[in-house]
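Computed from the coordinates by the stated procedures, all read-outs in this text should not be read as laboratory data. Note that the coordinates shown come from a computational prediction; the quantities given were computed from them, not determined experimentally. Cβ atoms come from the backbone with ideal geometry, glycine included; neighbour counts cover every protein chain shown.
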Amino acid sequence: MKRAANKRRRLETCTLEHVADLDRLDDAARKAARGVMWKSTTQRYMLDRYRNNLHARRGLLEGTLEPPKYKEFTIVERGKPRHIKAAPFAHRVIQKSLAANALTPAIEPTLTPGCSANRRGMGTGYAVRRMKRQLAAYARRHGCDGWILLTDFSDYFGSLPHDGVMRMAEKRLDDPRVIGLVRREVESDGARGLGLGSEPNQILAVAYPTPLDRLALNTPGVECSGRYMDDAYFVSPSKEVLERFLADATILCSSLGLAFNQRKTRIVRLSHGFTWLKKRFDITSTGRVLVRPCGKAKRRQRRRVRKQARLVREGRMSRTEAWRAWQSMRGVYLGLDAHRTLLDFDRFYKQQYEQQEGNNHDG
């Protein structure tokens, strides 16, 4: 009864009227414009945003919105191609209002604490800190003896089934007009899968594997667990427990239309250390948990510094922009157990520009 009452109270504001509210649309427009005011489409919308917001409100309430014309392109991220469908700015305003005023308040309270992607105040930093706290507590109970199951879904966004996603949305929303708006967003991505670049899709993708999170919490012997989008971990003192859990999880995920990536799904000893979210985790014999950048991340950062130094030499990037990018990276590493790595990177960064200044002086 209490759970049902909380749900009714939560969904009171998850209505189409709230999504189409002019103040909320204006807030969505201003947030959507952050960082992209240099684009002409954004400037045109924002110069007359009150009239544009009114047009969006009427289209939402009257059901007369025209299908947006997506701009499709492919990017290559660390060697992996990713297909992007970018909506026009006017539709991104509607997407942001839908996400902020219906999907997030309806779905986020149903997520477990270990689900940390696309949630305010969380993110990768939160996920890494949470895992570190969990491992430290585990080490106090069991030392560094134990096992960890690391999983990853195959073609996660591209494999999400529309019917399963919509069943989940219908369970969490009660306004049929909002459900229809969500269905329109989902079905705009073809017969299967959710497109990248859409905020509603991000929220739906985060929430869809929640049954896996709850299975871990309800499985005896699984003492720690967490998930960041499609990267998940499960810790137990017993390898057999994790093997049985993996079998149950495989069946569960198959019923959801998902499949584990066999190459990336593995069970390893905690004492051997492991990599998760591009971070290397090690538990010492004293129970201390060390979190450091993994080797691939460090090599990628060195390549980035070399490339930026080359762009500065060619005049295509200012020294100030390169320095800001460098400080951004340092800010991430300052939160890790990476003091020596930072010193090495600082020396490497200075060498790139000392060589450049030396060459300029010789010339």
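With contacts defined as alpha carbon pairs under 8 Å and 6 or more residues apart, what's the relative contact order of the chain in percent?
About 17 percent, as a whole number.
Given the Cα-Cα distance of GLU72 and ILE251 and 0.36 nm per residue of separation, how much length would full extension add, in nm?
Full extension from GLU72 to ILE251 adds 61.0 nm.
Collect residues whose amide H, placed 1.01 Å from N in the peptide plane, falls under 5 Å from the amide H of ARG266; neighbours closer than 5 in sequence don't count.
Residues meeting the amide H criterion: LEU150.
Per-residue HN-Hα couplings for region 107-118, Karplus 6.51 cos²θ - 1.76 cosθ + 1.60 at θ = phi - 60°, whole Hz, x for Gly and Pro?
3J(HN,Hα) across region 107-118, in whole Hz: 9, 4, x, 8, 7, 7, x, x, 8, 10, 7, 6.
Please compute the length gained on full extension between LYS80 and LEU150, using 0.36 nm multiplied by the number of residues separating them and subtracting their Cα-Cα distance.
Difference between extended and current length: 23.2 nm.
Averaging over all projection directions, find the projected area of the Cα convex hull of region 95-136 and quote it in nm² with one decimal place.
Averaged projected area of region 95-136's Cα convex hull equals 3.1 nm².
Check which residues have an amide H placed less than 5 Å from PHE274's amide H, if you skip close sequence neighbours.
PHE281
With each pseudo-label sitting 7 Å past Cα toward Cβ, what's the ASP346-ARG330 distance in nm, one decimal?
That separation, rounded to one decimal, is 0.7 nm.
Once R0 is set to 22 Å, what does the formula 1/(1 + (r/R0)^6) return for the Cβ-Cβ distance between GLU17 and ARG58, expressed as a FRET efficiency to the nearest 0.05?
It comes out at approximately 0.95.
So how far, in whole Å, is the C-alpha centre of region 220-242 from the one of region 42-81?
After rounding, the separation between the Cα centres reads 40 Å.
Calculate, in nm to one decimal, what ARG303 and GLU321 gain on full extension: separation in residues at 0.36 nm each, minus their alpha carbon distance.
That works out to 4.8 nm of additional length.
I'd like the Karplus ³J(HN,Hα) series for region 307-323: coefficients 6.51, -1.76, 1.60, θ = phi - 60°, whole numbers in Hz, and an x wherever there's a Gly or Pro.
Whole-Hz 3J(HN,Hα) from phi for region 307-323: 5, 5, 4, 5, 5, 5, 4, 7, x, 8, 8, 7, 4, 5, 5, 5, 5.
Please turn the phi angles of region 341-346 into ³J(HN,Hα) values with the Karplus equation 6.51 cos²θ - 1.76 cosθ + 1.60 (θ = phi - 60°), one per residue in order, whole Hz, x for glycine and proline.
After applying 6.51 cos²θ - 1.76 cosθ + 1.60, I find 4, 4, 4, 5, 5, 4 Hz.
Which order, highest average first, do 345-353, 17-25 follow once you tally other Cβ atoms within 10 Å for each residue and take the mean per peptide?
Descending packing order for the listed peptides: 17-25, 345-353.
Identify all aspartates and glutamates with a Cα-Cα distance to LYS264 below 20 Å; exclude those on the same chain that are fewer than 8 residues away in sequence.
Cross-link targets: GLU77, ASP152, ASP155, ASP213, ASP230, ASP231, GLU240, GLU243, ASP248, ASP282.
So which of LYS96/LYS132; LYS31/LYS85; LYS69/LYS307; LYS239/LYS296; LYS132/LYS278; LYS85/LYS307 end up more than 26 Å apart by C-alpha?
Pairs exceeding the cut-off: LYS96/LYS132; LYS69/LYS307; LYS239/LYS296; LYS85/LYS307.
Amide H of TRP147 versus every other amide H placed in the peptide plane: which residues, excluding those fewer than 5 positions away on the same chain, fall under 5 Å?
For TRP147, the qualifying residues are SER236, SER238, LEU270.
For region 189-243, I need the span (max minus min coordinate) of the C-alpha atoms along each principal axis, in Å, sorted largest to smallest.
42, 19, 16
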